[in-house]
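Here is the structure we will look at.
What follows is calculated from the coordinates using simple rules that are stated; it is not laboratory data. Keep in mind it's a predicted model, so treat the numbers as computed, not measured. Virtual Cβ from ideal backbone geometry, glycine too; neighbours counted across all protein chains shown.
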Amino acid sequence: MNEWQQRVEDNVRRVRERIARAAERSGRRPADVTLVAVTKYVDSRIARQLLDAGCHDLAESRPQQLWEKAEQLADQPVRWHLVGHLQRNKIRRTLPLIWLLHSGDNARLLDELDKEAARRETPVPLLLEVNISGEAAKHGFEPDDVERVLEQLDRYQWLSVRGLMTMAHLTSDLNVARADFAALRQLRDRLVDRCPPGHSLDELSMGMSGDFEEAIAEGATMVRVGSALFEGVLG
Ligand SMILES: *Cc1c(COP(=O)(O)O)cnc(C)c1O
């Protein structure tokens with residue numbers, strides 16, 4: 001085993017332990033929180049070590065990087081997640097590769113996803129990204145618009161909404177991040193009865209390296225962790 005492999009393995013173990021403890025502290029089961037490993041900082045050789053360490057849910061934030069890594073890891077049982085913005089002209093190449101799209105972030109994208117899914121006759125599981133922080137640089141539906149999106153889901157034959165995703169305010173203040181996560185959970189709790197058949201709001205994708213414990217305390221079912229898995233590996 002080389003040195004990087006050992007480090008990645010140790011990091012995965014540590015992050016999993018922190019996830020388990022955070023879940024237990026809020027009376028949840030560790031198995032109810034999926035670790036989604038964000039590989040955007042590393043090449044596919046290092047990403048491969050995540051698989052050796054038992055991590056099969058991998059994510060990229062840019063479609064092209066996902067295409068590349070998916071090809072380089074085609075021999076591995078990866079469930080690919082796209083967690084960043086998907087441009088409409090990249091839908092066709094991306095859909096066959098992914099297990100879950102976390103970034104359903106605007107109505108035109110949903111229209112185009114449904115069309116391509118119809119062409120492929122294959123449903124698209126996705127999360128609706130919500131701009132909880134209201135920061136202009138962020139993608140996602142405004143919190144007040146999510147109800148209308150749910151009401152209009154019957155226009156789509158091939159989309160299957162599974163939950164909501166958000167990014168907290170860009171801040172090191174964990175209280176601010178936690179309030180953002182609480183706001184996403186409360187939005188979900190408010191809208192869950194409005195969710196039409198064939199869709200659900202079970203999944204909450206929230207929390208990254210700096211704040212995943214706060215997200216788990218507020219109900220995250222998926223945490224998207226990148227840098228914490230590569231400590232000692234990246235420069
Ligand atoms: C990069 C990224 C992450 C992981 O960030 P870290 O702070 O490195 O854990 C999670 N979600 C999205 C959307 C990202 O782009």
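For His56 and Asp32 in the same chain, what is the full-extension length gain: residue separation times 0.36 nm, less their Cα-Cα distance, in nm?
On the way: separation 24, 0.36 × 24 = 8.64 nm, distance 1.55 nm.
Between His56 and Asp32, full extension yields an extra 7.1 nm.
Could you give me D for the chain, from Stokes-Einstein at 20 °C and 1.002 mPa s, where the hydrodynamic radius is the Kirkwood radius over C-alpha pairs? Units µm² s⁻¹, please.
On the way: Rh = 18.1 Å.
Answer, rounded: 119 µm²/s.
At 222 nm, what helix-only mean residue ellipticity would the chain give, in deg cm²/dmol to the nearest 500, using -39500 (n - 2.57) for each DSSP H run of four or more?
Helix-only estimate at 222 nm: -11500 deg cm²/dmol.
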Exercise. Distance between Cα centroids, the range 1-56 to the range 77-92: provide it in whole Å.
Key: 21 Å
Self-check item: Relative packing of 36-45, 191-200, which averages over residues the other C-beta atoms within 10 Å, highest first
Solution: 36-45, 191-200
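For His139 and Asp189, calculate 0.36 nm times their separation in residues minus their Cα-Cα distance, and state this gained length in nm to one decimal. Before the final figure, lay out the partial values.
On the way: separation 50, 0.36 × 50 = 18.00 nm, distance 2.19 nm.
Full-extension gain reported as 15.8 nm.
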Practice problem: Figure the gain on full extension for Gln5 and Gln87 (residue separation times 0.36 nm, minus the Cα-Cα span) and round it to one decimal in nm. | Solution: 26.1 nm
